[in-house]
DNA sequence: TCGCCGCGCTAATACGTATTAGCATCTATG
DNA sequence: CATAGATGCTAATACGTATTAGCGCGGCGA
């Protein structure tokens, strides 16, 4: 066994090269300012010793002395990850990783954050946020109080997904749900649908607000446009409700609900989209097997991940000017579940 | 805008509580040794100020001063990730994350490591390994020279997957491919197969060595047991070769190759497993659509991830005794592609 | 000869925490 | 009343790097 060998430090290098520790640091950082001059032969000598010893600067000390780490924190807000939820977040992480690699940053996943009252907390006993230069916040719902605290502390961060102000504007990279939903509503109206229903999950998250707002904004010319709430497993009741209302198109917030609704309709001998059009408003958050291609839209998750890193690095080094809020467009999916309503019956 | 506000430090807390910085540190770390005593009322006063200010110790300074970080590094060795390869690695990461969460560690992904000559390098200009207390190495092939350097530096690490010695034994958590392949060979022999072929990819990785070794060890009683190499897209040539040899069972290293081989057999009107049994030796490394359930085994990837963290934490704090090398058993998959060879023909 | 300036480097200090030796102060004991 | 021991805290230092003020030296002009 080798002895518990001490790290090679700049002092060691300095001694070997016959210079001071400061000189080593200057050479290492390639400082060539007018203020600082190192003779080429000295520089070479130091570099040679560095190469021989395989010395590498301790990033921790570096971070303590200077300001930056080149570490980007990733805080995943979802409580105790059901494995399906992970699949939903994975694309964000891919994008984040890709861009982090491009700008030469490492990624710190705050897996140590404890879960209190069913949700992870950023701020707790042994808060480790400052390990990173800044942080990306990922999660369906983010605690406004914590955002406020981040703003107050002046800690650089960016949320993935639009967020309401919290003691100041929140930097984010979100998806433009409102306009995507609006475009789907307009498509339904062009198909001749007159009675529309938004089937939500009773969520208060901004992502949900935006979808509902997009629905309302575009549905003004419909004969009827209403919003209802459903729950997992209540597909049959929801279907009853749609039929009773005479709705011909359902705009379903949750992908799994859409699948269940389509299955319920089939069981009753109804056709989709003939008897009922079903539009989905986003990618599955849990894996749901289905062979139907639903009409709806796709959340640009990888791109959101990439751009969140881009925005964050701007916030960190202050190069970003004012407000850092971006909404990316969602790509519509031409599926088979939005069609012309069957004129033969008025099921009311 | 708030001014670029300075971080709250222990000195600030100390001033507010009317004690010294050292006292704050002692209170914070709950030091109650016989050597160190703090009056309960002092302790309370300090704790109250800490709570009021929301102070959190700077982990960087902490790391510099003491020895540990509670950060576990993850180095993914594969070059420039094809997205399919990511799917293969994802389960490992899930396991790693799960266990890291349990022991209260954060995870640092070394995304900044540069790719040189088509592979990522641990050691380079601005090596950041020391940000973490230790590191998990992930990848099909790992550079022996780098392992050697890690061993030489005394840096705590663990490889996922068995590794040959590199200037000393390498700590790892691997899958017991050899025994899994042996059991499959034995099953084939029990089914009456006498001529077996191992279809490899010509790889030198340890994972490949182990499989071949397991094959050879169990196939001694076969009439013929040989190894051939194939390549992506060469399924037809490989099938020709198998038929010419009179092999009735193919043990296929790469999942995608197995799928291609089965498809080629079908195209020629051969049945699987009637005319040819096909056994797969591990999970797909790239996503391959197939509706066949292949006989083979499953790599316990999540468990490998979990246990690698467990081993690493042991190596870091020195609590682990001697050699840290684990091989986990692979679960056999009872598929439909291994059967009794059709006795009607001898296709040689 | 003196003063000045540019060059090449170093000494000193800061970053924020953990640790340890040791200084007062108080209590118990003979 | 002197002394020993326990108690509660602090001063000093270390960790490894980055930064900056400034020192010594040689050359050059006056």
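Bear in mind these aren't lab numbers, they're just calculated from the coordinates by the rules spelled out. Predicted model only: the values in this text are computed from it and were never measured. With ideal geometry, Cβ positions are generated from the backbone for all residues, glycine too; neighbour counts draw on all protein chains shown.
Worth pointing out:
- Max mean-square fluctuation residue, GNM over chain A, Cα-Cα springs under 10 Å, options A:319, A:336, A:208: A:319
- Take the Kirkwood radius over Cα pairs of the protein assembly as shown, plug it into Stokes-Einstein at 10 °C and 1.306 mPa s, and you get 54 µm²/s for translational diffusion.
- Span per principal axis, largest first, for the Cα atoms of the stretch A:10-57 (Å): 29, 20, 16
- With its label point put 7 Å out from Cα toward Cβ, residue B:87 sits 1.1 nm from the same residue's point in the other copies, in order from shortest.
- Computing FRET efficiency as 1/(1 + (r/R0)^6) for residue A:319 and residue A:165, where r is the C-beta to C-beta distance and R0 is 22 Å, gives about 0.40.
- Summary value for the stretch B:177-299: 26 percent relative contact order, contacts being C-alpha pairs under 8 angstrom separated by 6+ residues.
- Mean residue ellipticity, 222 nm, helices only, chain A: the sum of -39500 (n - 2.57) across DSSP H runs of n ≥ 4, divided by residue count and rounded to 500, is -12000 deg cm²/dmol.
- Kirkwood hydrodynamic radius (C-alpha pairs) into Stokes-Einstein, chain A, 37 °C and 0.692 mPa s, D in µm²/s: 139
- Highest GNM mean-square fluctuation among B:255, B:123, B:110, for chain B modelled with Cα contacts below 10 Å: B:123.
- For the stretch A:177-299, the fraction of C-alpha pairs more than 18 angstrom apart is 45%.
- Look at the stretch A:127-133: the mean tally of other chain Cβ atoms within 10 Å of its residues' Cβ atoms is 6.
- Put the Cα centre of the stretch A:235-293 next to the Cα centre of the stretch B:257-317 and the gap is 36 Å.
- In chain B, Cα pairs under 8 Å separated by at least six residues give a relative contact order of 18 percent.
- Taking only the Cα atoms of the stretch A:137-204, the ratio Rg/Rh comes out at 1.15, with Rh defined as the Kirkwood radius.
- The stretch B:10-57: relative contact order as a whole-number percent, Cα under 8 Å and 6+ apart: 40
- Taking only the Cα atoms of the stretch B:245-306, the ratio Rg/Rh comes out at 1.03, with Rh defined as the Kirkwood radius.
- Centre-to-centre, using Cα atoms only, the stretch B:39-77 and the stretch A:170-193 are separated by 46 Å.
- Residues A:96, B:316, arranged from fewest to most other Cβ atoms within 10 angstrom of their Cβ, appear as B:316, A:96.
- GNM result for chain B, Cα springs below 10 Å: residue of B:109, B:93, B:26 fluctuating most strongly: B:26
- For the stretch B:85-143: rounded, prolate or oblate by the Cα gyration tensor [a/c cutoff 1.5]: oblate
- Label points for residue B:217 are taken 7 Å from Cα along Cα→Cβ. From this copy to the others they lie 6.5 nm apart, shortest first.
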